[in-house]
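The values are calculated or read from the model by the stated rules, or taken from the named source; none is laboratory data. Quick caveat, the model's predicted, so the values are computed rather than measured. Here the Cβ positions follow ideal geometry from the backbone for every residue, glycine too, while neighbour counts run over all protein chains shown. Ligands, DNA and RNA are excluded from the accessible area calculation, which covers all protein heavy atoms including side chains. Shrake-Rupley method; radii C 1.70, N 1.55, O 1.52, S 1.80 Å.
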Amino acid sequence: MTDTTPNPRSVYRLLPRMGEFRTLLLGSSLRKLIRWQITGADSDLPTSFDGTWDGNPGWRSSEFPSGYPGAPVLSGRVAGLLADDLAEAGRFVPVATDGAAPADSSGPDDYVLYLVERIVDCLDTRRSSRPKKTTGEITKAVFRPEALPSHLAAFRVPEYRGGIYWNGWAVGLLTELLGDEVESRLVWSEDPSLPVHPHPWGF
């Protein structure tokens, strides 16, 4: 990756934008992912996922179809274009959509889940809100700039292992490829004049 880190540094939550796009429901596969995110054990590491398309069958399938906080799914096209930029933070795991076998080559059912493995202790816990007891979500996150892993496309924090934070330069790359298919919610920025989203993890 070239040095594309913006100034000021900013952190986002990404999700599919509402519109005439089909999104992907992960169902029971999501439980496997959450278990691994909590335990971090190699024995719990998912090797595949199952997804079911949701929405009008006449709509186009989104290339960023999952809104789950810790389960970003990318089309094979997008994953291929950004493979080098995303590799340092995690790996791709195949997703079988609507009962089809995971695709090995680029095609309409070729989707992968971006499994973010990097956990970085960079949250300013004194200035951030406490994680919610039920979900672990952190409504207000404040990061320590000197500890922020700006070189990573995405990362997780020890206080909220089930949520994925994206650095601004990666959000820029995804937005350039996906346009209005993806919604970016600002969680934190070095620039205090930029308005953060009041409920970044909600729908």
Would you say residue 58 is over 26 Å from residue 135 (Cα atoms), surrounded by fewer than 19 Cβ atoms within 10 Å (Cβ to Cβ) and free of Cβ contacts under 8 Å to residues at least 12 places away in the same chain?
yes
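Say whether the condition of being free of Cβ contacts under 8 Å to residues at least 60 places away in the same chain, surrounded by fewer than 19 Cβ atoms within 10 Å (Cβ to Cβ) and closer than 27 Å to residue 40 by Cβ is met by at least one residue in region 177-193.
Checked region 177-193: no residue is free of Cβ contacts under 8 Å to residues at least 60 places away in the same chain, surrounded by fewer than 19 Cβ atoms within 10 Å (Cβ to Cβ) and closer than 27 Å to residue 40 by Cβ.
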Filtered residues of region 126-151 (kept if open to solvent by 80 Å² or more (accessible area, probe 1.4 Å) and either free of Cβ contacts under 8 Å to residues at least 24 places away in the same chain or under 19 Å from residue 201 (Cα atoms) (or both))
126, 127, 130, 132, 133, 134, 140, 146
Any chance residue 92 is modelled with pLDDT of 95 or more, touching a helix residue (DSSP H, G or I) at 6+ places or on another chain (Cβ under 8 Å) and open to solvent by 40 Å² or more (accessible area, probe 1.4 Å)
yes
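For (1) among the acidic types (Asp, Glu); (2) surrounded by 12 or more Cβ atoms within 10 Å (Cβ to Cβ); (3) assigned to a loop (DSSP other than H, G, I, E, B); (4) in contact (Cβ under 8 Å) with a residue 24 or more places away in the chain, each residue gets a yes or a no:
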| residue | (1), (2), (3), (4) |
| --- | --- |
| 27 | no, no, yes, yes |
| 30 | no, yes, no, yes |
| 33 | no, yes, no, yes |
| 37 | no, yes, no, yes |
| 85 | yes, yes, no, yes |
Qualifying residues in region 95-125 (those that are at pLDDT 85 or above and among the charged types (D, E, K, R)) - the one surrounded by the fewest Cβ atoms within 10 Å (Cβ to Cβ):
121
Would you confirm whether or not region 61-83 contains a residue that is surrounded by fewer than 21 Cβ atoms within 10 Å (Cβ to Cβ), on the phi < 0 side of the Ramachandran plot and assigned to a strand (DSSP E or B)?
yes
